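Beneath this line is the structure, given in structure tokens, with notes to follow.
Rule-based calculations on the coordinates, nothing more; no lab input. All values reported here derive from a predicted model rather than from experimental measurement. A quick note on method: Cβ atoms are made from the backbone with ideal geometry, for glycine too, and the neighbour counts reach across all protein chains shown.
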Amino acid sequence: GAVVSQHPSRVICKSGTSVKIECRSLDFQATTMFWYRQFPKKSLMLMATSNEGSKATYEQGVEKDKFLINHASLTLSTLTVTSAHPEDSSFYICSAYAGTDGEKLFFGSGTQLSVL
Amino acid sequence: GENVEQHPSTLSVQEGDSAVIKCTYSDSASNYFPWYKQELGKRPQLIIDIRSNVGEKKDQRIAVTLNKTAKHFSLHITETQPEDSAVYFCAAPGGSYIPTFGRGTSLIVHP
């Protein structure tokens, strides 16, 4: 299957700092990527849809200025958590539809963010 | 948008028993229904999927059934093993092709 690479896998930062998470499609091009947030033992909550070459589409209740998304190429989308606070601590995971099998969603390995 | 309901939230079975997880969806435009397995701290993995023109699909111990009229689909795991323990999510794309996930079912298989 298609491979989606996500880095870093784990990050611990101080409150007030910004954290960038990268999501790459390794063997296919992804015009659209999805960013999810997941709390322990909870479902995947869609934060935003990242569109290559245009602005991301954010879900209701997600702060655009807090969670900056950039999708500058067909293989890379980044999520930057700006001025992180302890309540931003969570598991963030990206995903994309593989080009050759457009219905199947492939996930990155996730990033566990801990804000102290 | 699409609304996906998943039940139960927790399912505890003995090794060798069968497990069934059910999902309902709201958007009649949904035509693809995947199931994902997620182990703690790891990415969700697609384990089986079904398209709307099929009523049932099997892959070894795993099967998925779909009732489009009633708008529900189910995951069936037979002869459960301890390594089947994980959280399982159903999903439906709706007409927008943006995947909406169920809340998840924590399956615990006791040896």
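Give the relative contact order (percent, whole number) for chain B; include only Cα pairs under 8 Å separated by 6+ residues.
Details: 287 pairs, mean separation 42.0, N = 111.
Here the relative contact order equals 38 percent.
Under the definition of Cα pairs under 8 Å and six or more residues apart, what whole-number percent is the relative contact order of chain A?
36
What residue among B:Thr78, B:Pro99, B:Gly41 has its Cα farthest toward the positive end of the dipole of chain B, where the charges are +1 on Lys, Arg and -1 on Asp, Glu, each on the Cβ?
With unit charges placed on the Cβ atoms, the residue in question is B:Pro99.
Considering only DSSP beta bridges with both partners in the protein assembly as shown, what is the antiparallel share in %, to the nearest 5?
On the way: 72 of 81 bridges.
If I count the DSSP bridges inside the protein assembly as shown, around 90 percent turn out antiparallel.
Over all Cα pairs of region A:1-88, how is the pair count split among 10 Å bins, expressed in % and running from 0 up to the last occupied bin?
Whole-percent P(r) values from 0 Å outward: 16, 48, 32, 4.
Could you give the distance between the Cα centres of region B:42-80 and region A:16-44, to the whole Å?
If you average the Cα positions of each part, the centres end up 26 Å apart.
Residue by residue through B:96-105, how many Cβ atoms from other chains fall within 10 Å of the Cβ on average? Intermediate results must be reported in sequence, preceding the final value.
Numbers: counts 1, 5, 6, 8, 3, 7, 2, 4, 5, 0.
Counting Cβ atoms of other protein chains within 10 Å of each residue's Cβ and averaging gives 4.
Towards the positive end of the charge dipole of the protein assembly as shown, with charges on Cβ (+1 Lys, Arg; -1 Asp, Glu), say which of B:Pro8, A:Ser43, A:Cys23 has the farthest Cα.
It is A:Cys23, whose Cα lies furthest towards the positive end.
Provide, for region B:4-111, the number of lysine pairs with alpha carbons under 24 Å apart, each pair being eight or more places apart or on different chains.
Summing the qualifying lysine pairs gives 14.
Quick one: what are the phi-derived ³J(HN,Hα) couplings along region B:53-63, Karplus 6.51/-1.76/1.60 with θ = phi - 60°, whole Hz, x for glycine and proline?
With the stated coefficients, region B:53-63 comes to 8, 10, x, 7, 9, 10, 8, 6, 8, 10, 9 Hz.
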